[in-house]
Structure formats: C-alpha cells, structure tokens
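Here the structure is laid out as structure tokens; the discussion comes afterwards.
The values are calculated or read from the model by the stated rules, or taken from the named source; none is laboratory data. This structure is a prediction, so every number in the text was calculated from the model and none was measured. Cβ atoms come from the backbone with ideal geometry, glycine included; neighbour counts cover every protein chain shown.
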Amino acid sequence: MESTFVLVQMESVADPAENLKKAEYYCEQAAGKYHPDFIVFPETFMTEVIGGEIASRNAWSQTLDGPFVTGMRELAKRFGVWMAFGMKETVEDPEDHRVYNSVVMLNSDGEIVEVYHKTHLYDAFGYKESDEFKAGDAFFEPVDTPFGKVGLFVCYEVRFPEVARYQRSKGADIILMPTAWVKGDLKSLHFNTLITARAIENTVYMLACDQYSKTRMGESVAVDPMGVTISCAGEGEKIIPVYIDSERIEEVRKKLPAYKDRRPALYTI
C-alpha cells in the first residue's frame with residue numbers, strides 16, 4: 001500500500017492566528033500538488049517567540065479547545081487529511097508558569113486522536129527548555145491509521161534511542177518527528193545522523209518536519225527503514241512530499257530482522 005505524507009517546513013510567528021492562516025495556505029498547496037493522506041507541521045508551530053521573558057512567550061499558549069486547535073481540526077476535515085502539529089498547550093495550574101510542548105494528532109474527520117506532551121526537554125547546548133515547558137510523563141502511543149501504525153516523538157528526543165524503541169515496541173511502522181532544530185556547529189550532522197540511525201535500528205520510516213527561520217535549521221527529511229533518504233529539504237519555507245510504501249517495511253524487516261533478534265534479557269538500561 002502506498003500513501004502520501006507532506007512535511008510543512010515553515011517559519012512560525014508569535015500570533016497563532018497568523019500561523020493558522022499559513023497552515024490553511026500550505027494545506028491548499030499540498031492538496032493541489034500532492035493530494036496528501038497526512039500533513040505534518042513542526043514542533044511548537046502554533047506560536048514561536050525567540051527571546052524575551054518566558055511569561056510573555058507563554059502568554060500565547062492555548063488549550064485544546066481554543067481557537068487554534070479548533071481551526072486546525074476544521075482544516076483536517078475540510079481537506080480530508082490526517083494531521084500532526086506542535087503547539088504550546090496551557091497548563092491548568094495557576095502556580096505553574098510553564099506550558100506543555102504538545103503535539104496534536106488529528107484524523108481526517110478533524111477529530112483529536114492523541115495529544116502528546118514532550119517528555120525529554122532540551123536542557124542542552126546552553127539552553128534550558130524546562131524553564132519554559134513542563135515535561136510530559138508518558139510516551140506517545142502509536143496510532144493505527146489507514147497508512148500503517150504511526151508513532152511520534154519530538155525534536156531533542158531523537159537523541160534518546162529508548163524513545164524511538166518504545167514506538168517500535170508498540171508496533172510503529174512510521175515515526176513522525178516534529179522539530180524546531182536550532183542552527184549551530186555540527187547540528188546538521190547530528191540531525192541527519194540520529195534520524196537515520198533511529199530509522200535503521202528500528203526498521204521504520206522516520207519523517208522529521210522542522211521549522212525554518214533565522215535560528216531554526218530547516219532541512220526536513222524522510223528516511224526509509226533501510227536508512228535511505230527518500231525526501232529532503234534545504235533552506236526556506238516549503239512543502240515536502242514523502243511517499244510511503246508499506247511493502248518496503250516488510251521487505252526490509254525480512255532482510256534486516258534486527259528488532260526481532262534482540263536479546264532483552266541481556267540488556268540493562
């Protein structure tokens with residue numbers, strides 16, 4: 001079975017309403033060019049503010065029944081596509097100034113299928129994401145879709161093999177990685193190496209959708225279960241089609257049964 005995913009590499013601004021307009025534009029472009037089954041947007045795509053006080057950045061957060069998610073649900077239903085997108089989700093705790101770094105997955109009827117709160121926060125390379133975000137306490141549970149079982153994690157979590165392994169252990173065939181990967185020395189090398197490694201060691205498709213801006217790298221990429229790059233982007237805002245062949249997954253797993261050949265009784269983590 002073949003299906004079409006589209007990665008939307010774009011720059012987000014502070015105002016969610018403006019990003020919702022951009023989402024509509026890119027959905028129209030994707031529908032006209034590629035007739036996608038599934039559209040993926042970047043991490044924290046709902047609102048992105050660089051610099052300033054944390055309180056002012058987090059003031060843009062919304063709840064799941066807010067206007068942004070409602071608007072995205074309408075787009076998914078209108079275009080008849082599944083979606084995954086990042087947002088800043090309000091934490092209902094008046095004593096906690098942080099928000100969740102969330103990814104929402106919608107089906108083609110515009111229904112919320114699952115909401116994931118990023119568990120491993122980017123306290124690295126001189127930045128402390130945990131000052132701004134509250135960590136989730138559970139991994140994403142892969143979702144049965146018409147295109148295969150879809151898993152998900154966010155950005156920095158690609159550096160933790162256990163996160164991707166959990167997705168595979170729960171049956172994932174395709175893993176989505178919404179991200180807002182920051183530019184920097186060797187960051188492109190790390191990005192592509194880690195994504196490829198997670199694809200090969202779990203024999204899954206890895207689809208990484210990145211933001212692009214003065215501080216965000218872009219370079220969204222899709223890698224097949226054998227580690228072959230099948231679609232990629234460089235700089236700039238653009239939509240990237242990814243063609244998924246479910247037969248390729250089974251073909252690779254027969255040739256490379258690494259997951260099946262594990263000996264968990266020997267491993268200590």
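Between Tyr205, Tyr267, Tyr166, the distinction of being buried (at least 23 other Cβ atoms within 10 Å of the Cβ), closer than 27 Å to Leu121 by Cα and among the hydroxyl-bearing types (Ser, Thr, Tyr) belongs to Tyr205 only. For the residues Glu53, Glu2, the requirement of being in contact (Cβ under 8 Å) with a residue 60 or more places away in the chain and exposed (fewer than 14 other Cβ atoms within 10 Å of the Cβ) singles out Glu2.
Pairing each residue of region 234-254 that is over 24 Å from Arg168 (Cβ atoms) and surrounded by 15 or more Cβ atoms within 10 Å (Cβ to Cβ) with any residue that is of a type in the set (Val, Ile, Thr) and modelled with pLDDT of 95 or more, provided the two are 6+ apart or on different chains, yields C-beta distances under 7 Å for Ile239/Val6; Ile239/Val8; Pro241/Thr4; Pro241/Val6. Scanning region 116-149 for residues being in a strand (DSSP E or B), under 19 Å from Leu207 (Cβ atoms) and of a type in the set (Asp, Glu) gives a total of 1. Scanning region 121-140 turns up one or more residues that are crowded, with 19+ Cβ neighbours inside 10 Å, more than 24 Å from Tyr26 (Cβ to Cβ) and in contact with an Asp or Glu (Cβ under 8 Å, 6 or more places away or on another chain).
Quick check on region 74-84. Is at least one of its residues within 16 Å of Pro178 (Cβ to Cβ), surrounded by 15 or more Cβ atoms within 10 Å (Cβ to Cβ) and touching a residue at least 60 places away in the same chain (Cβ under 8 Å)? Within region 74-84 (the criterion being within 16 Å of Pro178 (Cβ to Cβ), surrounded by 15 or more Cβ atoms within 10 Å (Cβ to Cβ) and touching a residue at least 60 places away in the same chain (Cβ under 8 Å)), the answer is yes, since at least one residue qualifies. If only residues of region 208-233 that are among the small types (Gly, Ala, Ser) and in a loop (DSSP other than H, G, I, E, B) are counted, the one that is surrounded by the most Cβ atoms within 10 Å (Cβ to Cβ) is Ser220. Out of curiosity, is Ile244 assigned to a strand (DSSP E or B) and either modelled with pLDDT of 95 or more or not basic (Lys, Arg) (or both)? Spelling it out, Ile244 is indeed assigned to a strand (DSSP E or B) and either modelled with pLDDT of 95 or more or not basic (Lys, Arg) (or both). Of the residues that make up region 59-73, is at least one surrounded by fewer than 17 Cβ atoms within 10 Å (Cβ to Cβ), under 17 Å from Leu152 (Cβ atoms) and touching a residue at least 12 places away in the same chain (Cβ under 8 Å)? There is at least one residue in region 59-73 that is surrounded by fewer than 17 Cβ atoms within 10 Å (Cβ to Cβ), under 17 Å from Leu152 (Cβ atoms) and touching a residue at least 12 places away in the same chain (Cβ under 8 Å). For region 28-49, the set of residues classified as under 18 Å from Ser130 (Cβ atoms) and out of contact with any strand residue (DSSP E or B) (no Cβ under 9 Å at 6 or more places or on another chain) consists of Val49 only.
Within region 165-199, being more than 18 Å from the chain's Cα centre (by Cα) and part of a helix (DSSP H, G or I) holds for Ser169, Leu189.
So that you can scan it fast, the table gives a plain yes or no per residue for (1) at pLDDT 95 or above; (2) part of a strand (DSSP E or B); (3) in contact with a Pro (Cβ under 9 Å, 6 or more places away or on another chain); (4) more than 21 Å from Phe140 (Cα to Cα):
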residue: Arg57; (1), (2), (3), (4): no, no, no, yes
residue: Leu64; (1), (2), (3), (4): yes, no, no, no
residue: Arg73; (1), (2), (3), (4): yes, no, no, no
residue: Met87; (1), (2), (3), (4): yes, yes, yes, no
residue: Pro94; (1), (2), (3), (4): no, no, no, yes
residue: His97; (1), (2), (3), (4): no, no, no, yes
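Can you find even one residue in region 89-96 that is in contact with a helix residue (DSSP H, G or I) (Cβ under 6 Å, 6 or more places away or on another chain) and either surrounded by fewer than 18 Cβ atoms within 10 Å (Cβ to Cβ) or more than 22 Å from Asp173 (Cα to Cα) (or both)? No, region 89-96 contains no residue that is in contact with a helix residue (DSSP H, G or I) (Cβ under 6 Å, 6 or more places away or on another chain) and either surrounded by fewer than 18 Cβ atoms within 10 Å (Cβ to Cβ) or more than 22 Å from Asp173 (Cα to Cα) (or both).
Residue-by-condition table, conditions (1) modelled with pLDDT under 95; (2) farther than 16 Å from Leu176 by Cα; (3) among the aromatic types (Phe, Trp, Tyr); (4) out of contact with any strand residue (DSSP E or B) (no Cβ under 6 Å at 6 or more places or on another chain):
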| site | (1), (2), (3), (4) |
| --- | --- |
| Val103 | no, no, no, no |
| Asn107 | no, no, no, no |
| Glu114 | no, no, no, no |
| Asp123 | no, yes, no, yes |
| Ser130 | no, yes, no, no |
| Pro146 | no, no, no, yes |
